[in-house]
Amino acid sequence: CVDRIAASGGYMIASQATQIVAAPFAMVGSVGVIAETLNFYNILKNYGIQSVVLKAGEQKNPITSYGQVSDKDLKIKQQDLEETHQSFIDMCRASRPILDPNVCNGMVLSGEKALETGLIDRVLTSDDYIYEKITDGELVMKIHVVSVASERTMFAHVLQILPHIRQKLQSAFASLSGGRRGRVGDGLSFKLDANLISTVVQGVAFASMVRRALFNSGLFNKR
């Protein structure tokens with residue numbers, strides 16, 4: 001799902017998916033290669049500064065920032081870019097044969113134009129796509145990226161708010177640790193910290209989702 005932009009290297013990654021869904025105003029494409037640099041040879045020459053470039057191999061780094069650039073050097077670099085561009089196109093079209101080669105020239109398209117040229121498969125926002133899957137009965141998981149510290153703090157707060165859960169976990173952990181009892185108090189002042197609790201909760205949640213997916217799949221329906 002592309003809601004904003006998948007251009008150049010971003011589109012290269014997206015093209016490997018089985019389906020590309022993009023929002024109406026999302027920008028996709030830019031299948032091209034670019035290289036740019038600054039050359040100070042003439043300026044340095046005017047001040048009497050000579051640049052010394054040593055290299056082994058005629059085509060090794062033909063364009064430098066301080067050395068003289070010849071037409072031959074520019075031709076070599078352009079050939080490198082053309083070869084890279086062709087490899088870029090081949091990689092995208094290997095996964096997406098419907099991709100129109102005529103748009104693999106660096107242009108960026110969106111919406112229906114991107115759909116017509118094979119850059120994408122559907123015009124749809126990620127929210128609409130997720131809603132569509134939910135209404136179809138598919139299992140949709142949402143991933144939250146949080147730091148370890150914030151995750152531990154969150155579970156510590158939960159344990160403080162829900163004392164009955166805290167007491168049960170204390171008893172369970174005490175029995176597992178051979179009678180050693182930790183204290184769930186301020187922050188993370190108990191030996192078996194909230195990271196373990198987080199892992200347990202995530203494991204239970206994942207098991208629940210797998211169970212639901214298997215149930216919805218109909219694999220265990222009686223025939």
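The values are calculated or read from the model by the stated rules, or taken from the named source; none is laboratory data. Here the structure is a predicted model, which means the values were calculated and not measured. Cβ coordinates were reconstructed from backbone atoms using ideal geometry, including for glycine residues, and neighbour counts include every protein chain displayed. Each accessible area value is taken on the protein alone, full model and side chains, heavy atoms only, with ligands, DNA and RNA left out. Shrake-Rupley method; radii C 1.70, N 1.55, O 1.52, S 1.80 Å.
What's the local net charge at VAL2, with K and R +1, D and E -1, over the other residues with C-beta under 15 Å away?
Computed value for this residue: -1.
Just to verify a number: FRET efficiency for VAL53 and GLN19, C-beta to C-beta distance, R0 = 45 Å, to 0.05?
After rounding to 0.05, the efficiency reads 0.40.
In what order, largest first, do LEU99, LEU124 sit by accessible area if the probe radius is 1.4 Å?
Ranked from most to least accessible, the order is LEU124, LEU99.
Counting only the backbone N, which residues of the range 73-100 are under 14 Å from the spot 7 Å out from the Cα of MET107 toward its beta-carbon?
100
What dipole magnitude, in Debye to the nearest 20, does the range 1-153 give about its Cα centre under +1 on Lys/Arg Cβ and -1 on Asp/Glu Cβ?
Its charge dipole is roughly 660 debye.
Rounded to the nearest 10 Å², what accessible area does MET141 have for a 1.4 Å probe in the complete protein model?
My reading of the accessible area for MET141 is about 110 Å².
So for the range 55-137, averaging the separation of alpha carbon pairs under 8 Å that are six or more residues apart and normalising by length, what relative contact order in percent results? Don't skip to the end; give the middle numbers.
Values: 31 pairs, mean separation 13.1, N = 83.
Here the relative contact order equals 16 percent.
What does the charge count near VAL28 come to, summing +1 for each Lys or Arg and -1 for each Asp or Glu among other residues with Cβ under 14 Å from its Cβ?
Details: positive: ARG4, ARG96, LYS113, ARG122; negative: ASP3, ASP100, GLU112, GLU116, ASP121.
The answer is -1.
Between LEU139 and ASP90, what is 0.36 nm times their sequence separation minus the Cα-Cα distance? Round to one decimal in nm.
On the way: separation 49, 0.36 × 49 = 17.64 nm, distance 3.44 nm.
Difference between extended and current length: 14.2 nm.
Can you tell me the FRET efficiency between ASN61 and MET12 if r is taken as the Cβ-Cβ distance and R0 is 30 Å, rounded to the nearest 0.05? Write down the numbers at each step before the final one.
Values: r = 25 Å, r/R0 = 0.82.
The pair ASN61/MET12 has a calculated efficiency of 0.75.
In what sequence, largest accessible area first, do LEU54, LEU81 appear using a 1.4 Å probe? Could you put the intermediate results ahead of the total?
Numbers: LEU54 155, LEU81 35 Å².
Per-residue accessible area, sorted high to low, gives LEU54, LEU81.
I'd like the accessible area for LYS55, computed on protein heavy atoms only with a 1.4 Å probe and all protein chains in place. Round to 10 Å², please.
100
Around THR18, under 13 Å between beta carbons, what's the net of Lys plus Arg minus Asp minus Glu among the other residues?
+1
For PHE88, PHE25, give me the order by solvent-accessible area with a 1.4 Å probe, most accessible first, ignoring ligands, DNA and RNA. Please report the intermediate quantities before stating the final value.
Values: PHE88 15, PHE25 185 Å².
Output order, biggest surface exposure first: PHE25, PHE88.
Given points 7 Å out from each Cα along the Cα-Cβ axis, report the ARG122 to ARG211 separation in nanometres with one decimal.
Between ARG122 and ARG211, the label points sit 3.0 nm apart.
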